[in-house]
1. Looking only at the stretch 116-144, count how many residues are open to solvent by 80 Å² or more (accessible area, probe 1.4 Å) and either of a type in the set (Val, Ile, Thr) or under 29 Å from residue 106 (Cα atoms) (or both).
2. Search the stretch 271-283 for residues that are on the phi > 0 side of the Ramachandran plot and pair each with any residue that is among the acidic types (Asp, Glu) when their beta-carbon atoms are under 8 Å apart and the residues are at least 6 apart or on different chains.
3. What's the total number of residues in the stretch 149-193 that are assigned to a helix (DSSP H, G or I), free of Cβ contacts under 8 Å to residues at least 60 places away in the same chain and among the acidic types (Asp, Glu)?
4. Out of the residues in the stretch 66-99 meeting the condition of being farther than 23 Å from residue 159 by Cβ, in a loop (DSSP other than H, G, I, E, B) and in contact with a strand residue (DSSP E or B) (Cβ under 7 Å, 6 or more places away or on another chain), tell me which one is least open to solvent (accessible area, probe 1.4 Å).
5. Being closer than 30 Å to residue 183 by Cα and either modelled with pLDDT of 90 or more or not in a loop (DSSP other than H, G, I, E, B) (or both) narrows it down to one of 6, 55, so name that one.
6. Find the strands (runs of 3 or more DSSP E) located wholly in the stretch 196-307 whose residues include 3 or more that are under 14 Å from the mean Cα position of the chain (by Cα) and buried (at least 16 other Cβ atoms within 10 Å of the Cβ), and list them.
7. Please determine whether any residue of the stretch 132-141 is within 60 Å of the chain's Cα centre (by Cα) and either assigned to a helix (DSSP H, G or I) or modelled with pLDDT of 95 or more (or both).
8. Output yes when any residue across the stretch 186-205 is out of contact with any Pro (no Cβ under 7 Å at 6 or more places or on another chain), of a type in the set (Lys, Arg) and at pLDDT below 95, and no when none is.
Amino acid sequence: MATASTRKIIIVLILVTITAAYWYGGDTEESLANKYKTRAVERGDIMQTISANGTLTPVVLVNVGTQVSGTVAKLHADFNDQVKIGQILAELDPALLRAQLQQSKANFLNAQVALKIIENKLKRHRLLQEKDFISNEALEIIEQEAEAARAQLAINKAQVERDQANLNYSVIRSPISGVVIARDVDIGQTVAANFQTPILFQIAKDLRQMQINISVAEADIGQLHIGQLINFTVDAFQQRKFSGTVKQVRLNPTIQENVVTYNVVAMVDNDDGALLPGMTANIHFVVMHKNDVLRVPNAALRFQPKDMESSESGKASKSSQQPTVYRLMGNRPAPVTVTTGITDGNFTEISSDAIKAGDKVILNEVIDKKESESKFKLRVF
């Protein structure tokens, strides 16, 4: 009768035999074929793009201010209002401006009277000078006084015109036809135009067409040109794709912390008004687009077998500097050196004849759960 220690030895030998059979007899052709995840090479379209971010703005945005100071008495426009050119937007209290105009008009009338008096005096002195009753010097003095009176009249006239213009400026009118996108004043607010023109309204000329100001890295700017197609999305409509074209590549760089970027302006149609000023656009510049080309997933170009035969590993190392994919041959991975073209981040163009449509290339190795579990159990035992 077997002792307890003998039974333990027999159990250990049985487990070792089962484990050995599993490890050395499990690499069948079928298990090798199932060890790799593959995908057939196919033909399709590839669009190579450059990613960037930008901000949507109106093509024409006018800041409406005031040239005179005063208190806002009336408002005739608000946010989102459609306005026409010349339409009244606001009115400042005109009391002080009107009083200044009246004073200037009075000074102008006074200058007219003074000029009329001196001109009559000049006529009399000319008659006296013709009869030699006065000297030429006395006549010249009167003529100078007449010239000074005419100059003063011109000054007063200009003052009247200036004060009239200031009074007119107290009525704020729209310089363009468009939509009010910002109103920065309220009734009763005092605006001062002494040092700079205060902004009262912002008016966009036409939101049916907008532009995107895009910041592009210097490494990508060389691939952009006027008329180039862009595709973009906005957070408000994540499932919708918009398109536009590059209008301008500005030469003035922006340098922040040694990072150089350039401003690129793109034009966008906005017929349905879905795009709003200030939205952030996630942009893709279309650098190159090819149709019906042979392509492989980028994962196939990144794949590298973990356990290759020494001869195959040698071949792989020799061609490591060139793009390589692996396809199943005899249920085992075989390296194939290829020539690549453009990529869209998911697929890469294959421009060589080393592989053809329908060939299966390896994407990655499949981890066998049973194998992992068996190894774990064996270590525990």
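The values are calculated or read from the model by the stated rules, or taken from the named source; none is laboratory data. As the structure is a computational prediction, the values presented were derived from the model and not from experiment. Cβ sites come from the backbone with ideal geometry, for glycine too, and all protein chains shown count toward neighbours. SASA here: full protein model, heavy atoms, side chains in, ligands and nucleic acids out. Shrake-Rupley method; radii C 1.70, N 1.55, O 1.52, S 1.80 Å.
1. Final tally of qualifying residues: 6.
2. none
3. Here the count works out to 1.
4. Out of the qualifying residues, it is 77.
5. 55
6. 209-217, 229-234, 237-256, 259-269, 280-297
7. The answer is no, given that none of the residues of the stretch 132-141 is within 60 Å of the chain's Cα centre (by Cα) and either assigned to a helix (DSSP H, G or I) or modelled with pLDDT of 95 or more (or both).
8. Looking through the stretch 186-205, none of the residues is out of contact with any Pro (no Cβ under 7 Å at 6 or more places or on another chain), of a type in the set (Lys, Arg) and at pLDDT below 95.
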